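For reference, the structure is listed below as structure tokens.
The values are calculated or read from the model by the stated rules, or taken from the named source; none is laboratory data. For clarity, every value in this text was computed on a predicted model and none was experimentally measured. Counting neighbours? That spans all protein chains shown, and the Cβs are built from the backbone with ideal geometry, glycine included. Heads up: the accessible areas ignore ligands, DNA and RNA and are worked out on the full protein's heavy atoms, side chains in. Shrake-Rupley method; radii C 1.70, N 1.55, O 1.52, S 1.80 Å.
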Amino acid sequence: RAGRGSEAGRVAAAFAIAALPHMFDYRRFRPLIPLALVVSLVALSAAMMFIMADLGHPERALHVLMMPNAGSVMAWVIGFYGAFAMLLTFMLWYVLRPLWAKQASRTGARIPRLLALGYTPSVEHEKRDYRTLRITSVVGIVLALCLGAGVGALFSVLPGRSLWHTGLFPITFLVSALLSGAALVLAAASLIGRGGQAFKATLLTLGKFIGALLVLECIILPAEALIVVGCGIPSHLAVLEAIAV
């Protein structure tokens, strides 16, 4: 897959792991929320750098923002990138704010107190934070899916790329993206995390989720190959034969 596309997929997958605890009260993934948001934000930044490199002239991105074309897939993708970057930044700050407040109250450090913006831990604040994060997670999931499918759609409308120019590619791309993104979060958590048995159980659950996505990927890829073979387009068949060899 193209570099920017895979990065966009990792953004969606990492954010999905962070959003599940708030959307469905899935407590098992709660320890992974800050790490998943950081991974998602880093992947989003890398994806935006790939887009800037593709444009050749990064300043031309301003034309898309100032004079957007509703019929351009690229314009929609850039819009999703911008909206999702703002949402990720807000959600990461909102998740870390209680941790900074606790650190400030314990150590008296000035920087965590400034970052917490006067937050004081309480039951009322926890309930309000949960509602806010739940709404943010729902909006973020919609943006993440639109981002992943949008980049897949962007590739699928390129007739010069034989194997990409299929209607199934956005779905294939999204599943591949979720798989690679979840695996990246698992790798980061395994290297950085220092939890006990509960944290290990969380990683095991994430591993099972990745296994399910891998099974789905193994079903979609042969289906995509069968479609290419059934169409009989020489340029598509040539790419498929090159991959098989």
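Some points to look at:
- Residue list for the range 97-121, restricted to those being open to solvent by less than 40 Å² (accessible area, probe 1.4 Å) and in a helix (DSSP H, G or I): Arg97, Pro98, Ala101, Ala104, Pro112, Ala116
- With respect to the stated conditions, Gly140 fails to be open to solvent by less than 20 Å² (accessible area, probe 1.4 Å), at pLDDT below 80, within 27 Å of Leu174 (Cβ to Cβ) and part of a helix (DSSP H, G or I).
- Criterion violated by Thr166 - all others in (1) open to solvent by 40 Å² or more (accessible area, probe 1.4 Å); (2) at pLDDT below 60 satisfied: (1)
- In the range 203-215, the residues that are closer than 14 Å to Leu20 by Cβ and in contact (Cβ under 8 Å) with a residue 60 or more places away in the chain form Cβ pairs under 7 Å with partners that are open to solvent by 90 Å² or more (accessible area, probe 1.4 Å) and basic (Lys, Arg), at six or more places apart or across chains, as follows: Thr205/Arg28.
- Tabulated pairs, the range 37-57, first surrounded by 14 or more Cβ atoms within 10 Å (Cβ to Cβ), second at pLDDT below 75 and assigned to a loop (DSSP other than H, G, I, E, B), C-beta under 8 angstrom, 6+ apart or interchain: Phe50/Ala2
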